[in-house]
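Read the structure below first, then the notes.
The values are calculated or read from the model by the stated rules, or taken from the named source; none is laboratory data. It should be emphasised that the depicted structure is a prediction, and the values quoted were computed from it without experimental measurement. In this analysis, Cβ positions are derived from the backbone assuming ideal geometry, glycine residues included, and neighbour counts consider all displayed protein chains. Protein only, heavy atoms only, side chains kept; ligands, DNA and RNA dropped before computing areas. Shrake-Rupley method; radii C 1.70, N 1.55, O 1.52, S 1.80 Å.
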Amino acid sequence: MPRVSQDHLDARRRQILDGARSCFARHGYEGATVRRLEEATGLSRGAIFHHFRDKESLFLALAEDDVLRMTEVVAEQGLVQVMRDLLSTPAGSGDSPADWLATRLEVSRRLRTDPEFRARWAERSEPLTIATRERLLRKREAGNLRDDIDIGVLTAFLELVLEGLVSHLAMGLPADDLDPVLDLVEETVRRHRRTT
């Protein structure tokens, strides 16, 4: 039997994740049955679960992908840029935030109701908090971040704003006028130099 290349395995894994994301977005975690996952990915149950131990592992891999992408943006540009990206992604672009939002809302629901999931999620979401904290520390060291508030408080503030934005978008509320709100969020954490 010929060996399968790593590129092929990676492409298959990506195919599963992309199909599963749309399935979870459309049907929710509970409604994303194995049959629906097979239809969404175009692959058999065996092919799907060759790459992922079970449905929860598949869902966590999707959520972890989101965290990793967000962590990269945070490290380079900050958490507010993640929020701006959510507002500026055009519908129908293939990168529409709708599926990401559905995954994020499902994560929130499961965090409230499933202690085992909460423990598994805590490990996977920590890099985003660490990246946010490290960026804020770098900004403070450069003299660009207010120094009268603890970094932990500023991190929690930005994470709460992100969660609020996610809820706002998930409810389908208008988002065209939120850029000035994000400007205010940035201005709130920025260090203000006194003029004499």
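For segment 115-196, what is the charge dipole size about the Cα centre, in debye to the nearest 20, if Lys and Arg each add +1 at the Cβ and Asp and Glu each add -1 at the Cβ? Computed about the Cα centre, the dipole is about 420 debye. Taken about its Cα centre, segment 25-87 carries a charge dipole of about 280 debye when Lys and Arg each add +1 at the Cβ and Asp and Glu each add -1 at the Cβ. Among rounded, prolate and oblate, which fits segment 135-180 when a ≥ b ≥ c are the square roots of the eigenvalues of its C-alpha gyration tensor, a/c under 1.5 means rounded, and a/b larger than b/c means prolate? Cα axes put segment 135-180 in the prolate bin.
Positive-end ranking of 165, 49, 82 along the dipole of segment 17-166, with charges on Cβ about the Cα centre, is headed by 49. In a fully extended conformation the segment linking residue 7 and residue 85 would gain 25.2 nm over its present Cα-Cα distance, using 0.36 nm per residue. Among 117, 128, 25, which residue has its Cα positioned farthest towards the positive end of the charge dipole of the chain, with +1 placed on the Cβ of Lys and Arg, -1 on the Cβ of Asp and Glu, and the dipole taken about the Cα centre? The Cα lying farthest towards the positive end belongs to 117.
Based on protein heavy atoms only, the chain ends up with 60 Å² per residue of surface accessible to a 1.4 Å probe.
Helical content alone sets the calculated 222 nm signal of the chain at -25500 deg cm²/dmol, taking -39,500 (n - 2.57) per DSSP H segment of four or more residues and averaging over every residue.
Under the convention that each Lys and Arg Cβ holds +1 and each Asp and Glu Cβ holds -1, the size of the dipole of the chain around its Cα centre is about 380 debye. Against the main long axis of the alpha-carbon atoms of the chain, helix 115-141 sits at an angle near 40°. Summary of the geometry: segment 104-148 and segment 4-42, compared by the centres of their Cα atoms, lie 26 Å apart.
In percent, what relative contact order does the chain have, based on Cα pairs under 8 Å that are 6 or more apart in sequence? After rounding, I find 22 percent.
For segment 1-52, what does the alpha-carbon gyration tensor say about shape, rounded, prolate or oblate, given a ≥ b ≥ c as the root eigenvalues, a/c under 1.5 as rounded, and a/b over b/c as prolate? Prolate, since a/c reaches 1.5 and a/b exceeds b/c. Using 0.36 nm per residue and subtracting the Cα-Cα separation, the extra length available between residue 177 and residue 35 on full extension is 47.0 nm.
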